[in-house]
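A.B. asks: Sharing a structure, written as structure tokens. Questions coming.
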Amino acid sequence: MASGIKDKVAVLGMGCSKFGERWDASPEDLMVEAYNEAMADAGIGPEQLDAAWFSTHMPDIGVGRAGMALAIALRLPNIAVTRVENACAGGSDAVRGAVYAVASGACDIAIAVGMEKLKDTGYGGLPTATVGTYIPQWYPNAVAPANFAQLASAYQRRFQVDPKLLKRAISHVSIKSHANGAKNPKAHFQQAITEEQCLKAPIIAEPLGLYDCAGVSDGAAAVIVTRPDIAHSLGKRDLVTFKALQLATSNGWEMHSNDWDGSYVHTARIAAKKAYAEAGITKPREQISMTEVHDCFSITELITMEDLGLSDDGQAVRDVLDGVFDADGKIPCQIDGGLKCFGHPIGASGIRMLYEMYLQLNGRAGARQLKDPSIGLIHNLGGQPSQNVCSVSIVGREPG
Amino acid sequence: MIGIVGHGGYVPWLRLSRRTVVDANAWYAPQFASKAKGTRAMVNFDEDSLTMAVAAARDCLGAGEDRDHVRGVYLASNTLPFVERLNAGIVCEALTLRDDVEALDLGGSQRTALSAVSQAIARVKSNNGGNVLVLAADTRKTRAASAQELDYGDGAGAVLIGNKGVLAEFLGAGTVNVDFIDHFRASGEDIDYHWEERWVRDEGLSKLAPKAILAALETANVKAGQIDHFIFPSTFARIDRQIAKTCGIKAEAVVNTLSESVGDTGTAHGLLLLSLVLEKALPGQLILLAQFGSGAEALVFRVTDAVRSFRPAKGVSQWIGRGVEEKNYTKFLSFNDQLRLERGMRGEQDRKTALTTAYRHKSALMGLVAGRCEVTGTVHFPPSRISYDQGKPLQDTQKPYKLAERRGRVLSWSAEYLSFHKSPPHTYGQVDFEGGGRILMEFTDIAKGDIASDTNVEMVFRIKDVDERRAFTRYFWKATPIRSVKPAAKTAKE
């Protein structure tokens, strides 16, 4: 058994651009915005960066392939830049690369930047991704809302949930995120919504309406990581350290066997279990202060509470409606508004989640600051329920 | 004895209401007011002559695994998707037939299917065995506010010709070849050009069809008055009765041509009606099937005692019985490329097909052949070298395993309005197959509420995508709900 990543690497600085419909900003502008904040926060210069990881999902409408785009936008001093593409989990995977590089001793200081420029397509929602030459010949020309909406039909089938009750519960997920997003000046959507608005919104993919779907946004986020001793030598105190970084990838079992019932995300359960073990968490419901999860759709967040063990199987509907995951609940979820309201620039989202945990743990989250959080969990999912990459990361205060 | 050893057909699920069409066009074409009766069969957005031919073939051949008895596939149609690329060859792949089957595309006239039957009989005779599957299908494009739009229908027919287990013995044929141009369509054109109806009726059908019919009766050594079922498809009302009278065939032998419900399915209509007649025909009865087009062709059959031993998988009567009335005229126009609807930017997606990939995986794509692990019994679609079995990934243990004739059950689904789709909402989900296997696939021929978790489904061969830039159609399988069908008796009165 590997010794794991726990407390071997700390955050030195972070930055995050304003998310949203950034008609004003080019992809390069977004990267610079996040980078400037992170570098100022870290208090270092570019020459101190040993290597970079760059997450971006859709090169065709963004900045092209490979790592040059980041190096050129930030005029990095010819250091290694690895482009990471792992669907919507790319941001977390870029962090994993940077953290592992530092933990190995190969680098002293590394940066991970995630960026997506989605609003140059000319239409709302995600652009259609290319998936090679074979899959389009048999697989439906599917869109994300319908892939994730299937969680709802399978969940209903498994737990015999009244469809109206489930719709109310997923509406509550979105109402909560909008309420949180209203307190976040960097969020894409900053207005509260009502249950009536949710229930009456046009259907995008049965049973998901407009408010069950996350925003499609432009944005970038950056994190600079180093070893705790180096951070201390640079004058940093009260560090946020990585407790666990786990990533699980589907191997086709869910998609092709008859064993998976479609009501949960198999990889999320595997990644969560490994992350809890790596972080030494035995009672997640007691020990985790807050979560940022991959709420690409309201139903995803609901079933994720079960995948992470924060709700018992079949009980997330009740827990959500009881407000367990609200800002004033036991384990607040998406305190920054989540993908739903902060926005979802794909390659940046995993790093944006980390950004919120970092602010909260440092007491710098402004109007939405939670009281004395100690452990944050980040769940970042790429792909679709039946075939995906799922990252679960845990961060917390430096052991004192 | 050589003759028909199997038969089947296909009528698409959708039936366009003629009233809807006539009312929509009344401002422009009030002359069609009297045609506002009944329905015509129309293909769904993902059907064409090829997919209908496959459906009719499956209706005829049934769900059995062994199709090696089929030694030839003759596909008669004037509306096949490809001018070059053997359409019958695609049918063979969909039916998972052997690659030494004789496959032919035939076209050129409305009577081509009957010519194909004659050729099939000749082949069986000369080869002394092996069955030949004759398929006919048409989806004829028509202009809005034309008579053909109301008269035509889409459909397919199938007969299997052989010399073992003959249901209807072939007795004789008659042919008349005359370059009588009632209508024509030049290569590359979509829609037929027609000459005056009265001339076509009086100089064409009335004079040429009886020649072929009388020739067939003479070859068959059958008297016209003995015919029990006279099948003569035509869009001219009562012409079949008039020709029967001319030839001396009993008026009560004239078979209803389904103009009220299906419409005239062109090349396919003779075989479609023949299959419907064979569902009910009694041993010893005589059938005369004739079709007009660049002359005329006629075939005579005698029903044998074996006729009761065969049932198509569903049968034309059931296909007719399960139809639903379609009252959206613009849907018909859109599906038939007569109305260009706004697609939005998502409709701009390139649907180019990598032909190398298509060929490499043709068994999975065209035949819906999965891989079944010989050790664990688990089914994999698409087939793969390494099995997915958790913790015991076996390698190179999968053998071909056909899924097309197996039923499935819906595990999860959704219906979305986001992607460009010709018939929204685009509905897809995970289907678990009886006996194992799972595919996330599209659903078709559905109305709101037809798909839910645990809905039982069956497979249909359909258009997957059309690459309009390169004019290439690709095909795959979709799931459709297994429908309980109205009893055949109800529709037999047609």
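A.B. asks: Pull up the DSSP beta bridges for chain B and report the antiparallel fraction as a percent, rounded to 5.
C.D. replies: Antiparallel bridges: around 75 percent, rounded to the nearest 5.
A.B. asks: Could you tell me, in Å, what Rg and Dmax come out for the Cα atoms of the stretch B:3-335?
C.D. replies: 18.7, 60
A.B. asks: Apply 1/(1 + (r/R0)^6) to the Cβ-Cβ distance of B:LYS35 and B:PHE82, taking R0 = 35 Å, and write down the FRET efficiency to the nearest 0.05.
C.D. replies: Working: r = 33 Å, r/R0 = 0.94.
Efficiency computed from Cβ-Cβ geometry: 0.60.
A.B. asks: Please list the three semi-axes, largest first and in whole Å, of the ellipsoid equivalent to the stretch A:251-303, using sqrt of 5 times the eigenvalues of its alpha carbon gyration tensor.
C.D. replies: 24, 16, 9
A.B. asks: Between the alpha-carbon centers of the stretch A:115-173 and the stretch B:108-176, tell me the distance in whole angstrom.
C.D. replies: 45 Å
A.B. asks: Given 0.36 nm per residue, what is the gain on full extension from B:LYS207 to B:LYS392 after removing their alpha carbon distance, in nm?
C.D. replies: Working: separation 185, 0.36 × 185 = 66.60 nm, distance 7.36 nm.
Full extension from B:LYS207 to B:LYS392 adds 59.2 nm.
A.B. asks: So what is the 222 nm mean residue ellipticity for chain A from helices alone, if each DSSP H run of at least 4 adds -39500 (n - 2.57) and you divide by all residues, rounding to the nearest 500 deg cm²/dmol? Present the calculation step by step, with values, prior to reporting the outcome.
C.D. replies: Working: 14 runs with 143 residues, N = 400.
Computed mean residue ellipticity for chain A: -10500 deg cm²/dmol.
A.B. asks: Hey, another quick one. Could you work out the Kirkwood radius for the stretch A:199-303, taking every pair of different alpha carbons, averaging 1/r and inverting it, reported in Å? Don't skip to the end; give the middle numbers.
C.D. replies: Details: mean 1/r = 0.0566 Å⁻¹.
Over the stretch A:199-303, the inverse of the mean reciprocal pair distance is 17.7 Å.
A.B. asks: Sticking with this one: Going 7 Å from the Cα of B:ASN177 in the Cα-to-Cβ direction, what parts of the stretch B:92-111 have a backbone nitrogen less than 15 Å from that spot?
C.D. replies: Only B:107-111 pass the distance filter.
A.B. asks: Which value, in debye to the nearest 20, gives the size of the charge dipole of the protein assembly as shown about its Cα centre, when Lys and Arg are +1 and Asp and Glu are -1 at the Cβ? Can you show the working numbers first?
C.D. replies: Details: 100 positive and 103 negative charges, 325 e Å.
It comes to approximately 1560 debye.
A.B. asks: Sequence gap at least 6, Cα distance under 8 Å: using those rules, report the relative contact order of chain A to the nearest whole percent. Don't skip to the answer; put the middle values down first.
C.D. replies: Working: 948 pairs, mean separation 105.1, N = 400.
Relative contact order of chain A: 26 percent.
A.B. asks: Identify which of A:TRP53, A:TRP138, A:TRP260 has the largest mean-square fluctuation in a Gaussian network model of chain A, with springs joining Cα atoms closer than 10 Å.
C.D. replies: A:TRP138
A.B. asks: Still on this structure: Take B:THR376 and B:ALA144, extend 7 Å from each Cα along the Cα→Cβ direction, and tell me the distance between the two endpoints in nm.
C.D. replies: 5.5 nm
A.B. asks: Would you mind computing, in nm to one decimal, how far apart the modelled labels at A:GLU196 and B:PHE184 are, each placed 7 Å from Cα along Cα→Cβ?
C.D. replies: 6.9 nm
A.B. asks: For the stretch A:54-107, what is Rg from Cα atoms divided by 2.2 N^0.38 Å, rounded to two decimals? Please report the intermediate quantities before stating the final value.
C.D. replies: Details: Rg = 11.6 Å, N = 54, 2.2 N^0.38 = 10.0 Å.
My calculation over the Cα atoms of the stretch A:54-107 gives 1.16.
A.B. asks: Taking neighbour counts of Cβ atoms within 10 Å as a proxy for exposure, in what order, fewest first, do B:MET459, B:MET1 appear?
C.D. replies: Details: B:MET459 21, B:MET1 13.
Sorted ascending by nearby Cβ count, the order is B:MET1, B:MET459.
A.B. asks: To continue, here is another question. Taking just the C-alpha trace of the stretch A:18-166, give me its Rg and Dmax in Å.
C.D. replies: 19.2, 59
A.B. asks: Among A:ILE299, A:ILE170, A:ILE203, which one shows the highest mean-square fluctuation when chain A is modelled as a Gaussian network with alpha-carbon springs under 10 Å?
C.D. replies: Highest fluctuation among the options: A:ILE203.
A.B. asks: Quick one: work out Rg over Rh on the C-alpha atoms of the stretch B:122-237, Rh as Kirkwood radius.
C.D. replies: 1.01
A.B. asks: OK, next. Could you please tell me the mean projected area of the C-alpha convex hull for the protein assembly as shown, averaged over all directions and given in square nanometres to one decimal? Don't skip to the answer; put the middle values down first.
C.D. replies: Working: hull surface 157.6 nm².
Over every viewing direction, the Cα hull of the protein assembly as shown projects on average to 39.4 nm².
A.B. asks: Still on this structure: Report the residue, chosen from A:PRO140, A:PRO46, A:PRO27, that carries the largest GNM mean-square fluctuation when chain A is represented by alpha-carbon nodes joined by springs under 10 Å.
C.D. replies: A:PRO140
A.B. asks: Do any of A:LYS117/B:LYS464; B:LYS352/B:LYS399; A:LYS18/A:LYS117; B:LYS125/B:LYS223 go past 22 Å between their Cα atoms, and which?
C.D. replies: Details: A:LYS117/B:LYS464 31 Å; B:LYS352/B:LYS399 30 Å; A:LYS18/A:LYS117 12 Å; B:LYS125/B:LYS223 25 Å.
Listed pairs above 22 Å: A:LYS117/B:LYS464; B:LYS352/B:LYS399; B:LYS125/B:LYS223.
A.B. asks: Divide by every residue of chain B the summed helix terms, -39500 (n - 2.57) for each DSSP H run of at least 4, and state the resulting mean residue ellipticity at 222 nm, rounded to the nearest 500 deg cm²/dmol.
C.D. replies: Working: 13 runs with 116 residues, N = 494.
Result for chain B: -6500 deg cm²/dmol, rounded to the nearest 500.
A.B. asks: Given a Förster radius of 25 Å and the C-beta distance between A:LEU234 and A:SER3 as r, what FRET efficiency does 1/(1 + (r/R0)^6) yield to the nearest 0.05?
C.D. replies: Values: r = 25 Å, r/R0 = 1.01.
Rounded to the nearest 0.05, the efficiency is 0.50.
A.B. asks: Also, quick follow-up: Give me the angle, in degrees from 0 to 90, between the Cα long axis of helix A:27-42 and the longest principal axis of the Cα atoms of chain A, rounded to the nearest 10.
C.D. replies: 60 degrees
A.B. asks: How high is the relative contact order of chain B, given as a whole-number percent (alpha carbon pairs under 8 Å, six or more residues apart)? Display every interim value, and only then the final one.
C.D. replies: Numbers: 1176 pairs, mean separation 85.1, N = 494.
RCO, chain B: 17 percent.
A.B. asks: Over 18 Å between Cα atoms: which of A:LYS183/A:LYS371; A:LYS243/A:LYS283; A:LYS186/A:LYS340; B:LYS141/B:LYS362 fall into that group?
C.D. replies: Details: A:LYS183/A:LYS371 16 Å; A:LYS243/A:LYS283 15 Å; A:LYS186/A:LYS340 13 Å; B:LYS141/B:LYS362 29 Å.
Listed pairs above 18 Å: B:LYS141/B:LYS362.
A.B. asks: Using 5 Å bins from zero, what percent of all Cα-Cα pairs in the stretch B:41-118 falls into each bin?
C.D. replies: All Cα pairs considered, the percentages come to 3, 15, 26, 26, 20, 9, 2.
A.B. asks: Taking only Cα atoms, what is the 0 to 90° angle, nearest 10, from helix B:49-61's long axis to the longest principal axis of chain B?
C.D. replies: Its long axis makes an angle of about 90 degrees.
A.B. asks: How far apart, in nm, are two points set 7 Å out from the Cα along the Cα-to-Cβ line at B:LYS223 and at A:ILE61?
C.D. replies: Reported label-point gap for B:LYS223 and A:ILE61 is 7.8 nm.
A.B. asks: Also: Got the relative contact order for the stretch B:174-266 handy, in percent, Cα pairs under 8 Å and 6 or more residues apart?
C.D. replies: Relative contact order, the stretch B:174-266: 24 percent.
A.B. asks: Per Stokes-Einstein, at 20 °C and 1.002 mPa s, what whole-number D in µm² s⁻¹ belongs to chain A, with the Kirkwood radius over Cα pairs as the hydrodynamic radius?
C.D. replies: Working: Rh = 20.7 Å.
Taking Rh from Cα pairs, D becomes 103 µm²/s.
A.B. asks: Give the calculated FRET efficiency between A:LYS371 and A:THR282 to the nearest 0.05, with a Förster radius of 25 Å applied to their Cβ-Cβ distance.
C.D. replies: On the way: r = 23 Å, r/R0 = 0.93.
Taking R0 as 25 Å, the efficiency between A:LYS371 and A:THR282 is 0.60.
A.B. asks: Within a 10 angstrom radius of the beta carbon, how do B:LYS362, B:LYS331 rank from fewest other beta carbons to most?
C.D. replies: Working: B:LYS362 14, B:LYS331 20.
With the fewest neighbours first, B:LYS362, B:LYS331 line up as B:LYS362, B:LYS331.
A.B. asks: Residues of the stretch B:456-475 with the amide nitrogen closer than 17 Å to a label point 7 Å from the Cα of B:ARG340, along Cα-to-Cβ, please.
C.D. replies: Answer for the stretch B:456-475: B:467-471.
A.B. asks: Hey, another quick one. Quick check on the stretch B:116-167: what does the Kirkwood estimate of hydrodynamic radius come out to from the alpha carbon pairs, in Å? Mind showing how you got there, number by number?
C.D. replies: Details: mean 1/r = 0.0758 Å⁻¹.
Result for the stretch B:116-167, one decimal place: 13.2 Å.
Here, each number is a calculation from the coordinates, and none is a lab measurement. In this text, all values refer to a predicted model and were calculated from it rather than measured experimentally. Heads up, the Cβs are rebuilt from the backbone with ideal geometry, glycines too, and the neighbour counts pull from every protein chain shown.
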